[in-house]
1. Give me the distance in nm between label points sitting 7 Å out from Cα along the Cα-to-Cβ direction at L141 and E311, one decimal.
2. Provide the gained length on full extension for the span E211 to H488, in nm with one decimal, where the gain is 0.36 nm per separating residue minus the Cα-Cα distance.
3. What translational diffusion coefficient, to the nearest whole µm²/s, does region 3-239 have by Stokes-Einstein, given a Kirkwood radius computed over alpha-carbon pairs, a temperature of 20 °C and 1.002 mPa s viscosity?
4. Based on alpha-carbon centroids, what's the gap between region 472-527 and region 545-587 in Å, whole number please?
5. Karplus couplings for region 519-536 from phi (6.51 cos²θ - 1.76 cosθ + 1.60, θ = phi - 60°), rounded to Hz, Gly and Pro as x?
6. Where does helix 126-141 land angle-wise versus the long Cα axis of the chain, in degrees 0 to 90, nearest 10?
7. Run through every distinct alpha carbon pair of region 113-254 and return the Kirkwood hydrodynamic radius in angstroms, one decimal place.
8. Rg/Rh for the chain to two decimals, with Rh computed the Kirkwood way over all alpha-carbon pairs.
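No lab work stands behind these numbers, since they all come straight from the coordinates. Just so you know, these numbers come straight off a predicted model, no measurement behind them. Cβ placement follows ideal geometry from the backbone for every residue including glycine, while neighbour counts extend to all protein chains displayed.
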Amino acid sequence: MCGIIGYVGKRSALPVLLAGLGRLEYRGYDSSGVAVGEGKGIRIVRAAGNLLRLKEKLAAEGPPEGTWGIGHTRWATHGEPSVSNAHPQRSGDGLVAIVHNGIIENAGALRKELSAAGYVFASDTDTESAALLLHSLYRALGDPIASFVAFGRRVEGSFAIAAMFSDRPHEVYGIRRDSPLIAGERDTECFLASDIPALLPYTRRVCYPEENGIVRLDRDGLHFFDRDGCACECPSVSVSWDAEEAQKDGYRHFMRKEMEEQPRVVRDTFLSCSEEACPLTEEEICSLDQILITACGSAYHAGLSAREILEQLVHIPVRVEIASEFRYRMPLCSSRALVIVISQSGETADSLAALRLAKERGFKTLALVNVRGSTMAREAERVVYTRAGPEIAVATTKAYSAQLMAMYVLALHFARVRGCLQGDDLPLTQAARELSFGISRCLQGEEQMQRIAQQIYQLHDIFLVGRGLDHTVCMEGALKLKEVGYLHAEAYAAGELKHGTLSLIERGTPVIGVVTQPRLACKTAGNLAEVKSRGARVVVITTQEEAVFAAADEIVRLPRVHPLFAASLAVIPLQLLAYHVGVLKGLDVDRPRNLAKSVTVE
Ligand code: F6R
């Protein structure tokens, strides 16, 4: 993934492609490239790093002049950010060039099959499997649309693809499934893009090809085809957004947009972590006698949730330490311990120092990171990647959800290998797989959270209480309320309230109880009754039966979910609440004060 642009027209394609990529830069990327039709071929230029590097390379090599082409900014998913992994990817003889957003889930199987048929791979990307598959289909069928129809039937996963064939001058093709791709035209020019901002300078009328639909751009305009290759209509829609609104997909803030992306991100992370080989061998997993997780901020909270799950599923002792503390302690760990560092950016100074310390001490290290090629990804012995894509809002939402999911998959795998799952683990795997649906439903509860935000945004303090996994969710919710809502929020283990904190509960003090663990529900209900009797206004976020919560002034219902994975759902209303508190206060929720996206200082 990240940004796609395509053009067919009468003027030189390159400036249009580069300008389009420039307008998609906000999404974040680590390499870029263009393919431009030239005489009887396709010329491809790619560079690692930012667009400036690509422009320098183009200037040095002499810019291609053709009037049709495709371009891409890449956020690495399969394979490191490098020239060979950048898009466009092409087939060996240069017949096909494609750029791709999404994940080809059966890339491994396709790679095997195509290699056996004599194709040679030159990158680590899943995209190259798609390019070579398209090549082989086009060679066999001789028609681009028929080839795309067959392609859609063979490929599993999500994709938005722009493609060119060297023997089809002045034509660019697009196909999409579960990943955005739009097309537009102006006079004799046609455009293709993954996002609206890239098209805004040319047209405000855009067409959204249907799921599995195909589009051809040529000198006569746009031509749409359905999944079976039959020509179809694709009415254009008028876009009234300005460039900034378009970058946010019409949402007011990146944070809100990224929250909405969580179902997809969680699904992608489940798929990629389930399919990619675990970086530890079975022998290594069996030999572990302890796991130590270290991280900062939200990643630390993801680690706390992971502890509950690992201990319950894998029956292994797990310690979780804040990285800035861990790095100055003398951690006593067994020599058979695994140290897991969790980080969205892979650059956080304290987490990096913790990783280096763990390596120095000779522990096995595993980094769970979102950014390919980041320092932690390079320095840790083993890496697992989350699939959150670039996160622009400073406050993390989707990357945190992806971290939880990656840890679920890791825990399930460890449990399976160590023989801890008595009998069938399918229901658990199925429950993890279906979390994305639950998250979508939680996001639909926005109105209720907006109303609750109205009630609390002018207050000074709020408490969030829960036990076990619910407490870890409270910690994440409290951090969100502090960082984007500037509201003093304290997360408390519900049973600990009576050891001092109850003195702060007065008439009207808001207390949010998170209750998703059946075996702890009555206990937390008792603690909520204690705060209620002291005048607190109690909101309960729960998967449990309403009757248990006589103390609740308001109940936020969550869809039913396996208790082990409930954190993924319970955090959503808290993210929504924090977001709306920030919005009601008129704050810049995407760029909260005194915070940086990647904290590279100690
Ligand atoms: C909270 C937040 C921070 C980060 C923390 C670690 O919304 O964004 O607390 O979670 O700075 O950052 P990474 O995960 O990049 O190591």
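1. Calculated label separation equals 5.5 nm.
2. Numbers: separation 277, 0.36 × 277 = 99.72 nm, distance 4.49 nm.
Working it through step by step, the gained length comes to 95.2 nm.
3. Roughly 125 µm²/s, to the nearest whole number.
4. 12 Å
5. Those phi angles translate into 6, 10, 4, 5, 5, 5, 4, x, 5, 5, 4, 4, 6, 4, 5, 9, x, 5 Hz.
6. It is inclined by approximately 40 degrees.
7. 16.2 Å
8. For the chain, the value is 1.00.
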